[in-house]
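We did not get these values from a lab; they are worked out from the coordinates using the rules stated. On a predicted model such as this, the values are computed, not experimentally measured, just so you know. We place every Cβ from the backbone using ideal geometry, glycine too, and count neighbours over all the protein chains shown.
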Amino acid sequence: MSTYLVAVVVGLFDHIEDTTADGVKVRAYCPVGRSDEGKFALELTIKSLDIFTKYFSTPYPLPVEVEVHHVHGVEQVFDDIGYRKGSAVIRMLHGYLGDDIFQSQFLSSGLHGDGEWTVPITLALGSYDKCKNFLMESKFGTVDISEFFPSSDETLWIKVNAEQSGFYRVMYEDRLAAQLRKAVENNCLLATDKFGAIPDSVNVLKEFFISLLQCSAEKLGWESIPGESHLDVMLRGGVFIAFATFGHDKTRRETMQRFQVLLNDKNTPLLSADVRKAAYISVMRNSSTTNRNGFESLLKFYREVDAMQEKERILQSLASSPDLDIVLEVLEFLLSDEIPLFIQQSILSSNEKAEEVEAFFGSHVNPAVGKILKQSIERIRIKARSEDKIGSIGDEATSTKREERRDCDEVKCCGGYTMTSTKREATLTGTTMETK
């Protein structure tokens, strides 16, 4: 339960209240005469606090402390890295350590590590009853799995990152990938592991999410409905943007038709503002060097519209093309004089620009944006590296392999299996199923 979330509301309200097992008073505020509608929220909150108190072995509120050196620094603490990446790493630690050790060592001690990256590796070996856990603490290491494979049965499978709890990716060599495919077909893996087992499962995952969102798409429809809630408007946009990004064929056909109508009538109700980005993404996903009509039409439309919000929607969608040559052309366009300077500043992509920004703010110190500034500069450097890779696409595969071999941590499993791991990716390779 987030203790730092505070709301100040002025008005007339009814409220209902209850107390947790530890004596914490909880209230649910509701519009006058509608207090019954808050009962479920109140009951759920009471149960949640009791569960959290028991799980963390700490009474509410939880003793979470972050040192802040400036009053405006509070806004920088709760960012995407803190929430998304932080939660992923915590989940990995919990999956490796288990409830008891995680609660006693990680939650309560508050101790700081030495800053080195230690990767907890989990393996399921032919069954979830046969698991092997170990820590990758150096660049090279060996783990013996012979006890789990008494024979060289080639039908046995190995799933690295069991239950997908680890914050790393795994790439399997062909034989291991084939064995995992059979395990998926025979329903031997958990649902989370099926999607993380083999690259082909990405398509399965897309189909899964499309089927999950299909009901909402049919209910909301393409056109806005008078009097509908703002949440429905946002949901409509999110659903169709997801469909367009996933390459949903029916959505592609529909958006392409509606986009053609938009080109002739900027005020058409057939493509309202909330679904236009979905149309722009579909147009670009259908654009290539041999089929430039959609791309050129979208650029023409960008130049004709006056609203900056609409221009930004288009700019955010231009790089959706699967054609590398089109993407390179988009990059050149984004860095041209045609794009306003303040937008270009958000897409700076060279180490020289990163150093220029860093030097400027070095003499214009503002404690309120210190952390955000560091993150922005890092994003510029990341974009610079991405552009370098695009520019050298011909030898990308070779350079990537060299880079991974130089920077990775490696674990060699008995039986000819080798797993290499960086902070971002782990690779499992092997040629035989022989074991000691």
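Worth a mention:
- Around the Cα centre of the range 202-340, unit charges on the Cβ atoms of Lys, Arg, Asp and Glu (plus for the first two, minus for the last two) sum to a dipole of about 340 debye.
- Potential extension, Ala41-Tyr83 segment - 0.36 nm per residue separation minus Cα distance: 12.7 nm
- Packing around the peptides 10-23, 259-272, 278-291, taken as the average count of other Cβ atoms within 10 Å per residue, puts them in this order, highest first: 278-291, 259-272, 10-23.
- Cα extents of the range 1-64 along the three principal axes, largest first (Å): 38, 21, 15
- In terms of distances greater than 20 angstrom between alpha carbons, the cross-link table entries Lys206/Lys250; Lys194/Lys250; Lys130/Lys194; Lys194/Lys383; Lys353/Lys383 yield Lys194/Lys250; Lys194/Lys383.
- With R₀ set to 30 Å, the beta-carbon distance separating Leu335 from Leu205 gives a calculated FRET efficiency near 0.35.
- Cross-link table Lys277/Lys374; Lys159/Lys277; Lys54/Lys182; Lys266/Lys374; Lys85/Lys132, entries beyond 32 Å C-alpha to C-alpha: Lys159/Lys277; Lys54/Lys182; Lys266/Lys374
- Along the axis of the charge dipole computed for the range 202-340 (Cβ charges of +1 for Lys and Arg, -1 for Asp and Glu, origin at the Cα centre), the listed residues Gly238, Leu335, Ser211 are led at the positive end by Ser211.
- Theoretical FRET efficiency, 1/(1+(r/R0)^6), r = Cβ-Cβ of Ser229 and Glu358, R0 41 Å, to 0.05: 0.40
- Packing-based ranking of 216-223, 173-180 yields 173-180, 216-223, ordered from highest to lowest mean Cβ neighbour count within 10 Å.
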